[in-house]
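**Q** Handing you this structure, nothing more for now.
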Amino acid sequence: MAKIFCKYHPDVPARWVCRHCQINFCTGCIEAEEGRTPECPVCHRAVESLGSGNVILPFWQRLPAIFAYPARLAPLLFILVLAAINLLLGPSIFGILIQLVLFVVFMKYAYMVLEQTARGYLEPVPVTWDTLSKELELPFKQLFVVFLLIVFNTQLYNWGGSGLLFVGQLLTALFFPASVMVLAVEHSF
């Protein structure tokens with residue numbers, strides 16, 4: 001499908017179309033407000049959405065930016081600091097507790113990155129106390145899903161041996177990425 005571009009910003013993909021005026025508009029021309037139908041700035045009639053597919057680039061066209069994401073300064077420093085702290089901790093009870101906290105913080109950041117990139121934003125998520133300390137239940141929900149999948153596969157192995165375990169692992173391989181995305185975007189199962 002060919003991209004449709006904004007009439008007033010010809011290099012920007014259109015997000016809205018006014019069927020009455022036959023004009024395409026970008027998000028710079030019309031800002032959609034929550035719970036309100038966007039209107040044409042020319043005739044003030046309701047506009048129709050062209051869908052996000054016209055605005056967001058397909059992932060294969062964004063692969064270079066996706067692979068370059070961890071090399072940006074903020075995510076890179078965050079990952080390096082967490083790794084350095086992890087390396088400095090010794091094998092003690094205190095060290096294991098700190099590693100668990102670091103794991104939760106890293107998973108929280110990873111979920112924030114996944115949520116932003118799934119919505120088409122490739123700018124790094126700012127690493128601040130506010131962003132890392134809110135909604136900490138996501139990593140624990142993911143650990144719970146992993147626990148359930150382990151129990152599921154263990155039970156399949158106990159009931160039917162390695163043949164049934166293979167089927168369970170195949171289902172797990174299909175289910176697990178979907179569960180990660182649902183948790184990242186919807187924040188629930």
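**Q** Whole Å is fine, so just give me how far the alpha carbon centre of the stretch 116-150 lies from that of the stretch 61-87.
**A** What the calculation gives is 15 Å, centre to centre.
**Q** Can you list the aspartates and glutamates whose alpha carbon is less than 15 Å from that of Lys108, not counting same-chain residues fewer than 8 positions off?
**A** Asp130, Glu135, Glu137, Glu186
**Q** Just grab the label-to-label distance for Phe152 and Gln61, each label 7 Å out from Cα along the Cβ direction, in nm (one decimal).
**A** According to this spin-label approximation, the distance is 3.5 nm.
**Q** What does the convex hull of the Cα atoms come to per residue for the chain, in Å³?
**A** Given the Cα convex hull of the chain, per-residue volume reads 193 Å³.
**Q** Mind putting a number on the dipole of the chain about its Cα centre? Charges go on the C-beta only, +1 for Lys and Arg and -1 for Asp and Glu, and I need it in Debye to the nearest 20. If you can, show how the numbers build up before the last one.
**A** On the way: 12 positive and 12 negative charges, 71 e Å.
The calculated dipole for the chain is roughly 340 debye.
**Q** Here is a follow-up. Given a Förster radius of 30 Å and the C-beta distance between Arg72 and Val180 as r, what FRET efficiency does 1/(1 + (r/R0)^6) yield to the nearest 0.05? Don't skip to the end; give the middle numbers.
**A** Working: r = 22 Å, r/R0 = 0.73.
Working from the Cβ atoms, E equals 0.85.
**Q** Moving on to the next point. Sort Glu31, Glu39 so that the residue with the fewest other Cβ atoms within 10 Å of its own Cβ comes first and the one with the most comes last.
**A** Glu31, Glu39
**Q** Given the options Pro91, Met112, Trp129, identify the residue whose Cα lies farthest towards the positive end of the charge dipole of the chain (+1 on Cβ of Lys, Arg; -1 on Cβ of Asp, Glu).
**A** Met112
**Q** For the pair Gln99 and Lys134, what calculated FRET efficiency results from E = 1/(1 + (r/R0)^6), where r is the Cβ-Cβ distance and R0 = 22 Å, to the nearest 0.05?
**A** Numbers: r = 22 Å, r/R0 = 0.99.
That pair, Lys134 with Gln99, gives E of 0.50.
**Q** What full-extension length gain, to one decimal in nm, is calculated for Ala84 and Trp159 as 0.36 nm per residue of separation minus the Cα-Cα distance?
**A** Using 0.36 nm per residue and subtracting the Cα-Cα distance, I get 22.6 nm.
**Q** Still on this structure, I have one more. Taking H placed 1.01 Å from N in the peptide plane, check which residues at least 5 places from Ile23 or on another chain put their amide H under 5 Å from its amide H.
**A** Correct list: Cys18.
None of the figures in this text is laboratory data; all of them are computed from the coordinates on show. As the structure is a computational prediction, the values presented were derived from the model and not from experiment. As a convention, Cβ positions derive from the backbone with ideal geometry for all residues, glycine included, and neighbour counts pool all protein chains shown.
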